[in-house]
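Reading through the structure tokens given below for one structure.
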């Protein structure tokens with residue numbers, strides 16, 4: 001764990017030459033693609049003109065950087081996550097935790113608003129398992145080994161459904177009669 005006292009130390013710790021490179025790296029290498037703002041005399045977004053310069057030049061342009069803010073706009077949703085504000089001095093663990101917190105919350109809302117959540121139930125055995133359908137890629141929960149054969153009829157039905165709405169449909173498959181039930185997830189919050 002390293003204590004970061006100022007912008008130059010933060011950039012050095014992360015191997016970034018400029019605030020732009022730090023922000024771009026966080027955006028590119030974190031699943032939720034967070035934004036980064038540098039708090040100076042005014043807020044400077046990492047893609048703003050002037051953010052792509054060394055820390056001394058940056059602070060000559062915008063004033064001493066006293067904090068950073070990290071947040072995310074969740075695609076396919078009306079949700080904005082964060083910001084998490086880190087005021088100098090903070091530790092490298094504080095930074096990692098802030099980025100992870102934003103990413104976890106953004107991932108929750110992305111899955112809530114862009115995936116079909118449901119269960120599949122084998123009517124013969126009564127066994128029920130969770131599934132998640134992300135644009136045609138189906139995760140069959142904890143029982144992938146015994147997941148139902150995905151029939152064209154199942155896929156067509158899932159393609160017609162909207163995230164966040166309740167629906168249920170039974171299908172006859174080679175594995176027996178399978179019922180898919182979707183949950184209404186629209187009111188879930190992180």
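Values in this text are rule-based calculations from the coordinates and carry no lab data. Remember, predicted model here, so these are calculated numbers, not experimental data. Cβ sites come from the backbone with ideal geometry, for glycine too, and all protein chains shown count toward neighbours.
What shape does segment 53-98 have by the C-alpha gyration tensor, where a ≥ b ≥ c are the square roots of the eigenvalues, rounded means a/c under 1.5, and otherwise prolate means a/b greater than b/c and oblate the rest?
Here segment 53-98 falls in the oblate category.
Let me check against my output: what whole-number percent is the relative contact order of the chain, with C-alpha pairs under 8 Å and at least 6 apart?
16 percent
When a/c is below 1.5 the answer is rounded, else prolate if a/b is larger than b/c, else oblate, so apply that to segment 3-112 with a ≥ b ≥ c taken from the square roots of the Cα gyration tensor eigenvalues.
Prolate, since a/c reaches 1.5 and a/b exceeds b/c.
What FRET efficiency do you get for residue 157 and residue 25 if R0 is 35 Å and r is their Cβ-Cβ distance, rounded to the nearest 0.05?
0.25
Between residue 94 and residue 124, 0.36 nm times their residue separation minus their Cα-Cα distance comes to what?
5.7 nm
Rounded to the nearest 500, what is the chain's calculated 222 nm mean residue ellipticity when only DSSP H runs of at least 4 contribute -39500 (n - 2.57) each, over all residues?
Taken over the chain, the calculation gives -9500 deg cm²/dmol.
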